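Asks: Here it is, the structure in full.
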Amino acid sequence: MTYYDPKDLRKFGNITDWSETLGTKFFDYYGKVFEEGALSAREKSLIALAVAHTELCPYCIDAYTQDGLQRGITKEEMMEAVHVGAAIKSGASLVHGVMMMNKVNKLEG
């Protein structure tokens, strides 16, 4: 047994059970976000897959891998999106190194 049970993904809709108003508002928002707009549903699925990896959400990775395949996203496109997410995540971590450098300079200066 793993910490994340793949069957739990199917239970996601149940979050409204303990907070119907907020759960419903979330799902209304979530549904609206993924409607066709300036970005296609395919593009949004690819973005969601990259974010799923940067957020380390196994449920989202599962869901948006399946969704992407259904939308014709290739495995090469998926992996490239994952690398884009990883590059942004690592860059965001590294740029915070400037804060550390500033602090060291201040303390040494």
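Values in this text are rule-based calculations from the coordinates and carry no lab data. As the structure is a computational prediction, the values presented were derived from the model and not from experiment. Every residue, glycine as well, gets a Cβ built from its backbone with ideal geometry; the counts of neighbours run over all protein chains shown.
Asks: Tell me which residues, restricted to the stretch 1-32, are outside any loop (DSSP other than H, G, I, E, B) and polar (S, T, N, Q).
Replies: Correct list: N14, T16, T21, T24.
Asks: Please give the number of the condition E35 fails out of (1) closer than 27 Å to T2 by Cα; (2) part of a loop (DSSP other than H, G, I, E, B).
Replies: With (1) closer than 27 Å to T2 by Cα; (2) part of a loop (DSSP other than H, G, I, E, B) applied to E35, the lone miss is (1).
Asks: Any residue that is surrounded by 11 or more Cβ atoms within 10 Å (Cβ to Cβ), hydrophobic (A, V, I, L, M, F, W, C) and under 17 Å from the mean Cα position of the chain (by Cα) - is there at least one of those in the stretch 14-23?
Replies: For the stretch 14-23, residues surrounded by 11 or more Cβ atoms within 10 Å (Cβ to Cβ), hydrophobic (A, V, I, L, M, F, W, C) and under 17 Å from the mean Cα position of the chain (by Cα): absent.
Asks: Of all the residues that make up the stretch 56-87, how many are within 9 Å of the chain's Cα centre (by Cα) and either surrounded by fewer than 13 Cβ atoms within 10 Å (Cβ to Cβ) or among the polar types (S, T, N, Q) (or both)?
Replies: Total satisfying the criteria: 1.
This table checks each residue for (1) over 28 Å from T74 (Cα atoms); (2) without any contact (Cβ under 8 Å) to a residue 24 or more places away in the chain; (3) among the β-branched types (V, I, T).
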| site | (1), (2), (3) |
| --- | --- |
| Y3 | yes, yes, no |
| L22 | yes, yes, no |
| G31 | no, yes, no |
| E36 | no, yes, no |
| A50 | no, no, no |
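Asks: Also, quick follow-up: If I go through the stretch 38-65 residue by residue, how many of them are under 21 Å from Y3 (Cα atoms) and not hydrophobic (A, V, I, L, M, F, W, C)?
Replies: Result for the stretch 38-65: 8.
Asks: Right, something else. Residues of the stretch 66-94 being closer than 20 Å to K7 by Cα and touching a residue at least 12 places away in the same chain (Cβ under 8 Å), which ones?
Replies: Correct list: D67, G68.
Asks: For the condition within 24 Å of G13 (Cα to Cα) and in contact with a helix residue (DSSP H, G or I) (Cβ under 6 Å, 6 or more places away or on another chain), what is the one hit in G68, G31, G85?
Replies: G68
Asks: Continuing with this model, one more query. Being out of contact with any Asp or Glu (no Cβ under 7 Å at 6 or more places or on another chain) and closer than 30 Å to R10 by Cα, is that true of even one residue in the stretch 89-101?
Replies: Within the stretch 89-101, one or more residues are out of contact with any Asp or Glu (no Cβ under 7 Å at 6 or more places or on another chain) and closer than 30 Å to R10 by Cα.
Asks: Next question, about the same structure. Quick one: in the stretch 88-109, of everything that is basic (K, R) and more than 14 Å from the chain's Cα centre (by Cα), which residue is surrounded by the most Cβ atoms within 10 Å (Cβ to Cβ)?
Replies: Across the stretch 88-109, the extreme among qualifying residues is K103.
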